[in-house]
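Colleague: Have a look at this one before I ask anything.
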Amino acid sequence: MVDPAGRRVEVRGVELRLTAHEYELIALLATEPGRVFTKQELLRELWGSRGTSKLRSLESHASRTRCKLRDAGAAGFIVNCHGQGYKLSDQPV
């Protein structure tokens, strides 16, 4: 559950402890579940960056967010689409 008003994410009633960028990543992906957001789109939306200087930061945030979701019992929600970007799966593993 993504709560935009409270800027929080819950898994099975338990709130995840997320950084601002981790929350923003999930919230953006949740706007269109199943859609692949390119890394360039995410960089522009989350960091206001048009280049690739923040690419490693995006990848790190996505990885940490996936780990937090997995640890909360929600594995497979954020999917890395190799060579393209990320999506929020509507059918997690």
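The values are calculated or read from the model by the stated rules, or taken from the named source; none is laboratory data. Bear in mind that the values here come from a model prediction, so they are computed numbers and not experimental data. FYI the Cβ positions are ideal-geometry reconstructions off the backbone, even for glycines, and counts take in every protein chain you see.
Colleague: Only one of Arg70, Arg56 is loosely packed, with under 13 Cβ neighbours inside 10 Å and either free of Cβ contacts under 8 Å to residues at least 12 places away in the same chain or of a type in the set (Val, Ile, Thr) (or both); which?
Modeller: On the way: Arg70 fails: loosely packed, with under 13 Cβ neighbours inside 10 Å.
Unique residue meeting the criteria: Arg56.
Colleague: Select from region 1-52 the residues that are exposed (fewer than 11 other Cβ atoms within 10 Å of the Cβ) and in a helix (DSSP H, G or I) and list them in ascending order.
Modeller: Answer for region 1-52, where residues must be exposed (fewer than 11 other Cβ atoms within 10 Å of the Cβ) and in a helix (DSSP H, G or I): just Ala20.
Colleague: Let me ask something else. Just to check your reading of the model, which residue among Glu22, Glu10 is under 11 Å from the mean Cα position of the chain (by Cα) and among the acidic types (Asp, Glu)? Can you show your working first?
Modeller: Working: Glu10 fails: under 11 Å from the mean Cα position of the chain (by Cα).
Unique residue meeting the criteria: Glu22.
Colleague: Report yes if Arg56 is of a type in the set (D, E, K, R) and modelled with pLDDT under 90, otherwise no. Show your work before the answer.
Modeller: Working: of a type in the set (D, E, K, R): yes; modelled with pLDDT under 90: yes.
Criteria met by Arg56.
Colleague: Quick one: which of Ala27, Ala75 is among the small types (Gly, Ala, Ser), touching a residue at least 12 places away in the same chain (Cβ under 8 Å) and in contact with a helix residue (DSSP H, G or I) (Cβ under 8 Å, 6 or more places away or on another chain)? Can you show your working first?
Modeller: Working: Ala27 fails: in contact with a helix residue (DSSP H, G or I) (Cβ under 8 Å, 6 or more places away or on another chain).
One residue alone meets the criteria, Ala75.
Colleague: Against the condition at pLDDT 90 or above and on the phi > 0 side of the Ramachandran plot, how does Arg7 come out, does it pass? Explain how you work it out, then say what you get.
Modeller: On the way: at pLDDT 90 or above: yes; on the phi > 0 side of the Ramachandran plot: yes.
Judged against the criteria, Arg7 is a match.
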